[in-house]
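Shown next, in C-alpha cells, is the structure this report addresses.
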Amino acid sequence: MARSGDIDIQLDNPMGFFETKRLVDTNKEIFERLGGSWELPPLLPTRWEQKPLLHWLHQFRSRFSSYALSTAWVDKDPRLCLTYPAYLHILLKRIPLVAAFRQPLQVAMSLYTRDGLSINHGLVLWIIYNFHLAAELSSDDLFLPYDILLQAPEVCSGSLIQKNVYQFLERCYHPRPADQDWQRLIDSSIKSELNRSNAVLMSESRLRVNTSLLNCCQQRYDRTLAATDWLNEFVNQFSNLPRPVLDEVVYEQIVLEAKSVEFKSVCDQLEIDLLALQEDYSLLNHKYLDIQASTSWRMMAPVRSLMDRFRFLR
C-alpha cells in the first residue's frame, strides 16, 4: 500500500517506489552536502560525528520526529546504504536494517536501462554501496537474497530465509505472516514485466564490460549465497574494495574522490609503495634462504633445538 507522503507513480516505476518523499529528499540533501549524488557516491565512509557535519544534521530532527518516536514504520531508499550512519544522529537511535541482496549484473542492467549508466559504472556502484552497507550491518538486522525472497512459500518453508525472517520479526515484536499472506504480498508488489534487469545487452555494450570487474562482483555474490550464514559472509566479502573496482573508479571518475587529481596520485603512490614492499620482501626472503643453506646454520641446528625446548618449558 502507498502511504501518505510516498513518491508519485512514474513511468520507470508504475507500481510506485514505496519510498517517502521526506526520506528521499533528505538523502538528496545529504549527497549534495557531500558534493555528490547517488551515482557519484563517496568511496570512503563519512565522519558524521565530527563538526560541522554533526551540527548540520540537527536540522533534520524535527522532520523525522514521528519516526524517532515510533517503532511501527518501514521506509526504503537504496541510498541508505551510504547515508544510514547519518540517521543515528538524526533519530538518536539505531534502526534495524533489512538488506535485499541482488545479483550484480541485474543491478547494472537496471541502471543501464533506466539511467544510461555504463555496465561498468553500475557494477562499481554495486560494490561501493554494498561495501558501505556491510560496515553498518549487525546481527540484529535481516539479510535477504533478493531472488530467494521471491520464491514461493512452499519453497521457502523451513528454509534459512524463513528462519531469518521469523527471528527478525520476533526481535521487532511483529507477528509472523501466514504463507498465503506472504505470497499475496509478493504477487501484488512484484511484476516480472517491469524488471529492467531483463533487458538484452547489445553486443557493442557487452564488449565494453570490464570482465575482471564483473568476475570480482560475481565471485563476492556467489560466495555470500554459498555460505550458511549469509549476513556474516556478506560482511566478510565486502570488508574491502578490490583492485578492479579502484581501477574502474579512476578510469571512469565514478566517486567523489575521483574528481580530484589527488585521488589518482594517491592510488599511484600506493601502487609504488606496494611494489617497493614486494621487492623488499623478495630480497629478505632470498637472504633468509641463503642463511638456511649455509654451513653455520646447519651446525647450529642442535643449539636451536635446545633453545626451543627451553622456551616450551617456560
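Some observations on this one:
- Within the stretch 83-106, the presence of at least one residue that is under 16 Å from G36 (Cβ atoms), aliphatic (A, V, I, L, M) and not in a loop (DSSP other than H, G, I, E, B) is confirmed.
- The conditions of being open to solvent by less than 80 Å² (accessible area, probe 1.4 Å), modelled with pLDDT of 75 or more and touching a helix residue (DSSP H, G or I) at 6+ places or on another chain (Cβ under 9 Å) are met by N240.
- Cβ-Cβ distances below 6 Å connect the following pairs, each with a first residue in the stretch 234-261 that is closer than 21 Å to D222 by Cα, a second residue that is surrounded by fewer than 16 Cβ atoms within 10 Å (Cβ to Cβ) and modelled with pLDDT of 75 or more, and a separation of six or more residues or different chains: Q237/R223; P244/S212.
- Residue satisfying all of: in the stretch 73-115; of a type in the set (D, E) and touching a helix residue (DSSP H, G or I) at 6+ places or on another chain (Cβ under 8 Å); modelled with the highest pLDDT among these: D77
- Just one of the listed residues (R220, R176, R206) is modelled with pLDDT of 65 or more and open to solvent by 80 Å² or more (accessible area, probe 1.4 Å), namely R176.
- The single condition among (1) hydrophobic (A, V, I, L, M, F, W, C); (2) open to solvent by 30 Å² or more (accessible area, probe 1.4 Å); (3) closer than 24 Å to R22 by Cα that L150 does not satisfy is (3).
- With respect to the conditions (1) under 18 Å from the mean Cα position of the chain (by Cα); (2) without any contact (Cβ under 8 Å) to a residue 40 or more places away in the chain; (3) surrounded by fewer than 16 Cβ atoms within 10 Å (Cβ to Cβ), H55 falls short on a single one, namely (1).
- For the residues L123, L92, the requirement of being hydrophobic (A, V, I, L, M, F, W, C) and within 22 Å of T26 (Cα to Cα) singles out L92.
- Selection status of K28, open to solvent by 70 Å² or more (accessible area, probe 1.4 Å) and either in contact with a Pro (Cβ under 9 Å, 6 or more places away or on another chain) or not in a loop (DSSP other than H, G, I, E, B) (or both): yes
- Test for R61: is it closer than 28 Å to C172 by Cβ, surrounded by fewer than 17 Cβ atoms within 10 Å (Cβ to Cβ) and either modelled with pLDDT of 95 or more or among the charged types (D, E, K, R) (or both): yes
The values are calculated or read from the model by the stated rules, or taken from the named source; none is laboratory data. Since we're looking at a predicted model, the values are computed, not measured. Reconstructed Cβ throughout: ideal geometry from the backbone, glycine too, with neighbour counts over all protein chains shown. Keep in mind that these areas ignore ligands, DNA and RNA; they rest on the heavy atoms of the full protein, side chains included. Shrake-Rupley method; radii C 1.70, N 1.55, O 1.52, S 1.80 Å.
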